[in-house]
Structures are given as C-alpha cells and as structure tokens.
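Reading through the structure tokens given below for one structure.
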Amino acid sequence: MTERLWELYEQCCQVEMRSLDEFVRRLKAGEFGEFSRDDIIAFLREIEAGMVENIHTKAMEHHRYAEMEDQVSEEWHQYFDGLVELFERA
C-alpha cells in the first residue's frame, strides 16, 4: 500500500507540482482510492522523517544552516502535525 501512496505522491506533488496539503485533501476525499488511516499517517510521518533528515544534512554542510536547524525542524514537525490533523478531521 505504501508503494502506491509513493507513486501517487510523486505524480501529484513532484510531477504536477501540487502541494502536499492538496494531496492530503484528495486522499481524504477518496480521489485515489481507499487507504487505511494508519497507512496514510505512517506515509506522512515517513515524508516528515525524510524532510528532517535533509535539514540535518544541510546543517552539517554549512554553519548558517546549523544555526537554523532546530527552528526549521520544529516548523516541519508542526506542518506535518497539521497535515495529520487535516486528514483526521471529519
């Protein structure tokens, strides 16, 4: 199931350049078919982990990025918490 979510994410967000927010709304609406709540939340957390890992990598590359690492990581955590909340709202 996760592989299918990755394919949809890549098409929607990377090829069509749609926002992740829009992708989550479309998932929630069932536009891409049925996915379990747990699969979608795990998928979002996987993307979040990748983003935070990228932030950490950049922070190791340059001191200017290192100064902002905690703040930017927290902003991304809040963003993904919001996406999970968006998905879970009735």
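Before moving on, here are some points about what is shown:
- Whole-angstrom gap from the stretch 61-90 to the stretch 1-50, using each part's C-alpha centre: 17 Å
- Taking every C-alpha pair closer than 8 Å and separated by at least 6 residues, the mean separation divided by the residue count of the chain gives a relative contact order of 30 percent.
- Ranked by the mean number of other Cβ atoms within 10 Å of their residues, highest first, the peptides 46-52, 68-74, 33-39 come out as 46-52, 68-74, 33-39.
- Between the entries (i) 64, 44, 23; (ii) 44, 27, 20; (iii) 62, 23, 22, the label attached to Cα extents along the principal axes in Å calculated for this structure is (ii).
- The chain, helix-only ellipticity at 222 nm - DSSP H runs n ≥ 4, -39,500 (n - 2.57), divided by all residues, nearest 500: -25500 deg cm²/dmol
- Scanning the chain for DSSP H helices at least 27 Å long along the axis (C-alpha atoms) with a Kyte-Doolittle mean no lower than -1.0 picks out 37-61, 63-88.
Just so you know, all these numbers are worked out from the coordinates, no wet-lab data involved. All figures in this text were calculated on a predicted structure; none of them were measured in a lab. Here Cβ is always computed from backbone atoms with ideal geometry, including for glycine, and neighbour counts include all displayed protein chains.
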